[in-house]
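As structure tokens, the structure follows; a few thoughts come after it.
The values are calculated or read from the model by the stated rules, or taken from the named source; none is laboratory data. The structure presented is a predicted model; accordingly, all values stated were derived computationally and were not measured. In this analysis, Cβ positions are derived from the backbone assuming ideal geometry, glycine residues included, and neighbour counts consider all displayed protein chains. In case anyone asks, the SASA skips ligands and DNA or RNA and just uses the protein heavy atoms, side chains included. Shrake-Rupley method; radii C 1.70, N 1.55, O 1.52, S 1.80 Å.
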Amino acid sequence: MTREITYIEAVAEAIDEEMDRDDDVILFGEDVEDFGGNFGETAGLHEKYDDDRVRNTPLAEIGIAGMALGAAVGGIRPVAELQFADFAATAGDEIFNQIPKQPYVSGGSLEVPLTIFAPSGAGIGAGAQHSQSVHSWLGNVPGWVVVTATTPYDAKGLLKSAIRDDNPVFYLPHKALVETQGEVPDEEYTLPLGEAVVEEEGEDVTVVATQVMFHRAKEAAADLDVNVELINPRTFAPLDTETIAESVEKTGRLVVVDETVERYGTQSHIANEIVENHFFSFDAPPKTIGVKDVPIPVSPTLETEVIPGTERIKAGIESVF
Amino acid sequence: MTHDVSVDDEMAKHLLQEMLRIKIFEEETKARYEEGEIPGFVHLDRGHEGSHAGMAAAMRDDDWLAVGGARLVGQYIVKGVPLGEIMAELYGRTGGSNKGHGGQMHVSKVDRKLYGHAATIGSGQNPAVGLALAEEMKGTDNVAVTTIGDGGTSRGSFHTALIFAAYWDLPVVFIIENNGWAISTPSESLPPDRLSDYGDPVNIPTESIDGSDVETVYHTVSEAIDRARDGGGPTVIESRVARLNPHFEGDKETYRDEEELERALEEKDPVKNYRERVLEAGVVSESEIEDIIDTIEREVQEAVEYARESPDPEPEAAYEHVYKTPLYGQGEQE
Ligand SMILES: Cc1ncc(C[n+]2csc(CCOP(=O)(O)OP(=O)(O)O)c2C)c(N)n1
């Protein structure tokens with residue numbers, strides 16, 4: 001059986017179920033207690049699990065990320081919230097140098113089973129420091145498992161897996177999706193990390209997209225006279241190139257669209273993986289589409305210009321034929 | 001409780017006028033936001049008007065302001081950014097101070113020595129120290145003032161800025177606007193008794209004042225600025241105010257005690273209190289205040305008209321200002 005819930009309700013359920021299941025799971029971050037998180041993601045948890053396991057922190061992401069690292073090494077499973085993914089940069093050393101590298105440099109003896117929860121993405125007019133999609137920053141630092149959520153189903157299943165995984169996982173919901181509805185099973189479930197999913201089968205072209213771009217790609221595909229195979233990577237690092245390659249072997253065409261900046265971005269990495277290893281599967285050069293190489297402006301007109309829209313995705317798909 | 005007016009009549013009128021300007025501008029902003037004319041977030045300043053006005057009155061035009069905390073627009077106003085340019089920036093229009101690239105959280109205006117704001121709370125203080133360094137290197141006696149909220153003082157970047165300013169005795173005035181809350185986190189739960197105590201371990205002089213009293217702010221900041229200008233180095237001031245509105249428009253403030261808020265509205269409204277005080281002292285009359293309000297309301301309406309009529313940027317404008325071109329060596333420099 002399934003029911004319709006919102007994306008953010010799915011997130012809240014995931015945290016709740018994992019806290020219920022495992023006493024070692026704790027939650028901390030700014031305004032996670034009675035305020036319930038900026039988007040309602042932690043609503044009700046403080047009441048249910050109390051001060052020990054749900055903790056408001058002072059305003060300092062270095063503390064949030066660094067403490068999560070220590071607590072995880074010490075045997076706890078922290079879910080640590082950054083209010084906006086952009087703020088990862090304010091804990092730069094913790095997030096880029098410490099968390100992803102300590103397990104490796106310890107020769108595998110330190111385990112860091114933490115989850116950073118960090119809403120990302122544009123579309124709410126929040127400007128240059130509150131609108132970025134940062135999975136390309138994180139994907140560039142080996143050691144992080146980088147996960148994005150596209151539907152309520154993904155949001156719940158992937159977050160539960162992120163919490164259970166023994167690696168540091170950076171989990172990125174998208175701000176503009178929090179109110180979207182979708183089917184979620186009544187029964188408990190998890191979704192595998194490190195695996196992409198073919199969301200819609202097609203014969204003519206493979207389109208890889210996640211989060212808001214996934215929904216726009218779906219709209220674009222519906223408007224076009226071609227049969228699109230739509231792949232949601234779910235995990236960006238490590239990336240499941242196999243599922244994408246298999247698809248391209250079938251379709252001979254690839255379009256990658258993502259809400260990260262184009263320059264040195266996820267799109268070109270994904271395309272390169274397939275081109276380099278499966279060059280002879282291609283009937284046409286691949287196409288990559290991403291955020292234009294500028295900081296995200298606040299004016300809705302300018303924001304719309306730089307974030308890939310359905311029209312740009314449509315044109316991108318058409319360009320490979 | 002009555003207080004005498006401790007500044008001359010002209011300054012008293014100026015302070016009242018600046019506070020009213022913030023209040024009236026923001027009432028209009030709230031209305032425009034609710035009508036869907038303003039995109040993004042809106043954070044309002046109710047309760048901070050005295051702190052903003054007193055601070056700015058203590059500054060010279062050539063002193064820098066690096067804005068912090070989340071009570072921003074009042075600070076842009078008192079630093080002299082034209083109201084139309086602020087409103088147009090809130091609308092994301094070409095006539096805005098930042099041509100629609102920045103929005104409410106990033107208004108900046110170099111010719112007013114307004115550095116702007118780091119929307120990552122607490123990232124504006126080290127730049128303020130750098131601004132002070134630049135002034136010193138250029139041989140001016142200009143200072144840098146920087147504000148931060150109670151919440152932002154937990155960031156390491158804030159403490160680093162104190163250390164750097166103290167290390168070189170730079171002319172910086174750090175003003176912590178402690179309004180009791182960082183969204184839902186009470187500042188009472190932070191360790192120090194007074195947030196200005198954070199200056200103690202680095203031997204910076206500190207003050208903790210009632211920031212809802214505009215004259216107290218004016219006098220305290222003036223003293224700190226004078227010291228900085230004379231080579232006496234940085235000061236940390238805690239300006240205690242009340243947050244008389246939600247964190248952002250839309251925040252239901254379920255975490256807040258209603259009685260406490262009622263009391264704050266009654267006792268800590270800087271505009272209402274100062275208005276009564278100058279009236280009682282006979283500095284201005286009721287009708288003069290009404291005239292001031294009329295004038296400001298007109299200015300604010302003009303600002304809204306200006307914003308509404310200001311064109312949306314052309315989409316191509318998104319690509320401007322990423323770099324200054326040509327890069328060195330690529331062609332004629334400007
Ligand atoms: C580095 C960073 N962390 C978190 C936030 C989200 N946020 C915006 S305002 C705010 C509270 C700020 O409180 P305070 O510094 O006391 O300023 P006030 O709102 O009281 O003016 C928070 C947590 C942010 N913008 N930047």
Practice prompt. Scan (1) in contact with an Asp or Glu (Cβ under 7 Å, 6 or more places away or on another chain); (2) part of a helix (DSSP H, G or I); (3) open to solvent by 50 Å² or more (accessible area, probe 1.4 Å); (4) farther than 15 Å from A:A162 by Cβ for the single condition A:A65 breaks and write down its number.
Written response: (3)
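Among the candidates B:E260, B:E299, B:E253, B:E334, which residue alone is within 23 Å of the chain's Cα centre (by Cα) and at pLDDT below 95?
B:E253
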Worksheet item: If B:E290 passes every condition in (1) free of Cβ contacts under 8 Å to residues at least 40 places away in the same chain; (2) within 14 Å of chain A (Cβ to nearest Cβ); (3) surrounded by fewer than 13 Cβ atoms within 10 Å (Cβ to Cβ) but one, which one does it miss?
Response: (2)
Worksheet item: Out of curiosity, is A:E246 in a strand (DSSP E or B) and farther than 20 Å from A:V134 by Cα?
Response: no
Worksheet item: Which residues, taken from the stretch B:302-334, are away from chain A (no Cβ under 14 Å), open to solvent by less than 80 Å² (accessible area, probe 1.4 Å) and either assigned to a helix (DSSP H, G or I) or under 30 Å from B:E215 (Cα atoms) (or both)?
Response: B:A303, B:V304, B:E305
Worksheet item: If you scan the stretch A:252-302, which residues turn out to be among the hydrophobic types (A, V, I, L, M, F, W, C), away from chain B (no Cβ under 14 Å) and outside any strand (DSSP E or B)?
Response: A:I270, A:A271, A:I274, A:V275, A:F279, A:F280, A:F282, A:A284
Worksheet entry | Matching residues, the stretch A:68-99, being assigned to a strand (DSSP E or B) and either away from every other protein chain (no Cβ under 14 Å) or away from the ligand (no atom under 16 Å from the Cβ) (or both) | A:R77, A:P78, A:V79, A:A80
Worksheet item: From the residues in the stretch A:261-306 that are within 20 Å of A:P238 (Cα to Cα) and over 20 Å from the mean Cα position of the chain (by Cα), which one is surrounded by the most Cβ atoms within 10 Å (Cβ to Cβ)?
Response: A:I274
Discussion item. Kindly evaluate A:F35 against the criterion of being assigned to a loop (DSSP other than H, G, I, E, B), within 13 Å of chain B (Cβ to nearest Cβ) and of a type outside the set (S, T, Y).
Written reply: yes
Fill in: Matching residues, the stretch B:61-79, being away from the ligand (no atom under 11 Å from the Cβ) and either touching a residue at least 60 places away in the same chain (Cβ under 8 Å) or in a strand (DSSP E or B) (or both)
B:D62, B:D63, B:W64, B:L65, B:A66, B:V78
Worksheet entry | Unmet requirement for B:V236, which otherwise passes all of (1) within 14 Å of chain A (Cβ to nearest Cβ); (2) surrounded by 15 or more Cβ atoms within 10 Å (Cβ to Cβ) | (1)
Worksheet item: Is it true that some residue in the stretch B:80-97 is over 16 Å from B:A303 (Cβ atoms), open to solvent by less than 10 Å² (accessible area, probe 1.4 Å), more than 16 Å from the ligand (Cβ to nearest atom) and in contact (Cβ under 8 Å) with a residue 12 or more places away in the chain?
Response: no
